[in-house]
Amino acid sequence: GTSPVVVNNLNVPRPAEGQPTLLTLDEVTTLFHEFGHALHGLFATVTYPHFAGTNVFRDFVEFPSQVNEMWILWPEVLASYARHIDTDEPLPAEVTEKLHASSAFNQGFATSEYLAAAWIDQAWHSLGAEEAAAVTDVAGFEASALADIGLDNPLVPTRYSST
């Protein structure tokens, strides 16, 4: 019977004195994402509090926030917030089309860096405890694992490395 308290804080640069706070597309994306988490917390009705809001498995905690992100460029939603600061005109359709077109930019790089990190993780998990303990050259282990699948490209480093 206790209502949740949810707070979203968005750190954006303070505008010049007397100027409005304007958000970049990245900041709007973060706002929508975090508000998805807020909605998750606000709408959680559970028997056991440890299953409420963001106290759930990671895949599930990200679902509402990523769905909320998906709506950023929907025409109905975009028209309600993406308006010219002085004229109140909606964002022109050609700009919206360019934003949609740019959403795939650099996806090859992003996919490769993520896959490389995931493959390194799999390489570690394929070792037995004694084999893993015997690895003394972590960078060499990573390089070898990446070379095995052709992802040893210095221009596309892994997103994460071994600890």
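Kindly evaluate residue 61 against the criterion of being touching a residue at least 12 places away in the same chain (Cβ under 8 Å), surrounded by 15 or more Cβ atoms within 10 Å (Cβ to Cβ), outside the structural domain of residue 95 (by TED's automatic domain parsing) and of a type in the set (A, V, I, L, M, F, W, C).
no
Is it true that residue 85 is among the β-branched types (Val, Ile, Thr) and surrounded by 10 or more Cβ atoms within 10 Å (Cβ to Cβ)?
no
Residues of the stretch 82-107 being outside any helix (DSSP H, G or I) and small (Gly, Ala, Ser), which ones?
Selection gives 82, 103, 104.
Looking at 13, 4, can you tell me which residue is exposed (fewer than 11 other Cβ atoms within 10 Å of the Cβ), in a loop (DSSP other than H, G, I, E, B) and either without any contact (Cβ under 8 Å) to a residue 60 or more places away in the chain or out of contact with any Pro (no Cβ under 6 Å at 6 or more places or on another chain) (or both)?
13
In the set 127, 146, 99, which member is in contact (Cβ under 8 Å) with a residue 24 or more places away in the chain and over 30 Å from residue 22 (Cβ atoms)?
It is 146.
The values are calculated or read from the model by the stated rules, or taken from the named source; none is laboratory data. Given the structure is predicted, the values throughout are model-derived calculations rather than measurements. Quick reminder, even Gly has a Cβ in these numbers, built from the backbone with ideal geometry, and neighbours come from all protein chains shown.
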